[in-house]
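Colleague: Have a look at this one before I ask anything.
We did not get these values from a lab; they are worked out from the coordinates using the rules stated. If you're wondering where the values come from, they're calculated on a predicted model, not measured in any experiment. Backbone-built Cβ (ideal geometry, glycine too); neighbour counts: all protein chains shown.
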Amino acid sequence: MRAAVVTGFDRPLEIKEVPTPEPAAGQVLVRIEASGLCHTDIHAARGDWPVKPTPPFIPGHEGVGIVEQLGAGVTEHAIGDRVAIPWLGHACGTCEYCITGWETLCEAQLNTGYAIDGGHAEYAAADARYVVRVPDGIDPAVAAPLTCAGVTTYKAVKVAGVTPGDRVAIFGIGGLGHLALQYAQIFGGETIAVDVTEEKLALAKSLGAAHLVNAADTDPVAAIEALGGADVAVVLAADPRVIEQAHACLRRGGRLILVSLPKDNAMSLPIFQTVLKGIRVIGSIVGTRADLAEVFRLHVAGRTEVLYEGRRLDDINASIEDVLAGRVPARLVLLP
C-alpha cells in the first residue's frame with residue numbers, strides 16, 4: 001500500500017510503498033477513504049513534543065474508511081462498516097480512568113499516528129474497541145475532521161460547563177475553531193470569534209458568531225472586556241501569548257480552557273488575578289468514544305457544518321506548509 005511515512009524529524013514525509021498491515025487479534029483492517037490533517041500530525045512529524053514517536057511511522061488520527069478484514073475475536077464491527085480511527089488508539093480498559101468514562105487519561109494509552117501507525121495511508125489496522133462507527137449519511141471527508149477537530153472542541157465546550165447565555169471566546173478560528181464555535185452555540189453560548197485574518201472571521205460570522213475580534217489590529221483583551229468579559233475562553237492557537245490574552249479577557253468566575261499544545265510547553269499565569277477573580281484553568285484532552293458518537297449524532301441532526309478542502313495524499317508536504325502558513329480556511333483532508 002502507499003503511505004506517507006515519517007523517516008526522520010528533519011526530513012519531509014515520504015510517499016512510500018509499504019506492506020499492508022494484517023489485523024492482529026482484536027483489530028480491524030480499514031481501507032482509508034479520507035484522513036484529516038491535524039496540527040498534531042505536524043508536531044509528530046517534526047518531533048516537537050517532549051515524548052517523541054519513533055520513526056519510521058505513519059501519522060494521521062482522523063482516518064475514516066471501510067472495515068475490510070476482522071482480526072480474531074472481533075465482534076464489535078462487521079466487514080463493510082464505515083468507521084473512524086481516532087487519536088485514542090488503545091487504552092487498557094481496566095484502570096480507574098477507563099472504567100469511569102475518562103479513557104483519554106489512561107496511562108497505558110497508545111495514540112494513533114504516534115505510537116500506532118495512522119491513517120495517512122491506503123490502509124490502517126486499528127483496535128476494534130476504539131474505532132467508532134460512522135452513521136449513514138456522513139460523507140467520509142466530513143467524518144474525518146469530526147474524528148479529532150470535532151470531538152476535541154466538543155469535549156472542550158463540555159468540560160467548560162458552557163450554559164445558555166455564557167459569553168464564550170474562541171481564540172483561533174480554523175479547523176478546530178470553526179467547530180468549537182458551533183458547539184458553544186449549541187450549548188447556548190454567546191460566541192466571540194478571535195483570529196488574525198479577516199477571512200477566518202468572515203467564516204465565523206457565517207457560522208453565527210455574535211462578535212468578531214481581529215487580534216491583528218485590535219487588542220482582544222480590551223475588545224472582550226468592552227463586551228463585559230468572557231465567561232469561557234477556549235484557546236486553540238498554539239501561542240503562549242494568545243493563552244495569556246485569553247486569561248486576561250475573563251470575567252470573575254471565568255474558565256480558561258487549554259486545548260492547544262505550544263511547542264515550548266510554557267505559559268505565564270498571573271496568580272493574583274487567577275485567585276482573586278476565581279478563574280479556573282482547565283486542560284481539555286480529546287474526547288472519548290462516547291463523545292465522538294455524540295459528535296456524529298449532532299452532525300446527522302444537522303447541527304454542525306464542517307468546512308474542509310480535499311487534497312491528494314501525495315500533496316501532504318505542501319499541505320503541511322499551507323497549514324503552517326495559515327493559508328487553510330478550515331481543515332485539510334487527504335484522500336488516498
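Colleague: Which whole-number percent is the relative contact order of the range 5-99 (Cα, under 8 Å, 6+ apart)?
Modeller: Values: 147 pairs, mean separation 29.1, N = 95.
Dividing the mean separation by the residue count of the range 5-99 yields 31 percent.
Colleague: Fewest Cβ neighbours within 10 Å first, please rank Phe187, Phe9 accordingly. All intermediate terms of the calculation are to be shown ahead of the outcome.
Modeller: Details: Phe187 18, Phe9 13.
With the sparsest Cβ surroundings first, the list reads Phe9, Phe187.
Colleague: How do Ser268, Ser319 line up, fewest other C-beta atoms within 10 Å first? Don't jump to the answer; show the numbers that get you there.
Modeller: Working: Ser268 9, Ser319 24.
The most exposed by this proxy come first: Ser268, Ser319.
Colleague: At Asp10 and Arg241, where each label point lies 7 Å from the Cα along Cα→Cβ, what is the point-to-point distance in nanometres?
Modeller: So the two model labels end up 2.9 nm from each other.
Colleague: With the convex hull built on the Cα atoms of the range 150-283, state its orientation-averaged projected area in nm². Could you put the intermediate results ahead of the total?
Modeller: Details: hull surface 28.4 nm².
Averaging across all directions leaves 7.1 nm² for the Cα convex hull.
Colleague: Please give the FRET efficiency for Glu17 paired with Lys52, using the beta carbon to beta carbon distance and R0 = 30 Å, rounded to the nearest 0.05. Show your work: numbers first, answer last.
Modeller: Details: r = 25 Å, r/R0 = 0.85.
For Glu17 and Lys52, the calculated efficiency is 0.75.
Colleague: Among bridges DSSP assigns within the chain, what percent are antiparallel (round to 5)? Spell out each step's value before the answer.
Modeller: Details: 29 of 57 bridges.
In the chain, approximately 50 percent of DSSP beta bridges are antiparallel ones.
Colleague: 222 nm [θ] for the chain, helices only, -39500 (n - 2.57) per DSSP H run of 4+, per residue, to 500?
Modeller: Roughly -7000 deg cm²/dmol at 222 nm, from the helical runs in the chain.
Colleague: As a footprinting exposure proxy, order Lys263, Lys155, Lys277 by other Cβ within 10 Å, with the fewest listed first.
Modeller: On the way: Lys263 12, Lys155 23, Lys277 15.
Ascending number of Cβ neighbours within 10 Å: Lys263, Lys277, Lys155.
Colleague: By how many nm would the segment from Ala216 to Ile79 lengthen if fully extended, with 0.36 nm per residue of separation less the alpha-carbon distance?
Modeller: That works out to 44.3 nm of additional length.
Colleague: Among all the lysines, which ones have a C-alpha under 29 Å from Lys277's C-alpha, if same-chain residues fewer than 8 places away are not counted?
Modeller: Straight-distance partners of Lys277: Lys155, Lys158, Lys263.
Colleague: Enumerate the residues in the range 74-96 having an amide nitrogen under 18 Å from the point lying 7 Å beyond the Cα of Arg297 toward its Cβ.
Modeller: Counting backbone N atoms under 18 Å from the label point, the list is 84.
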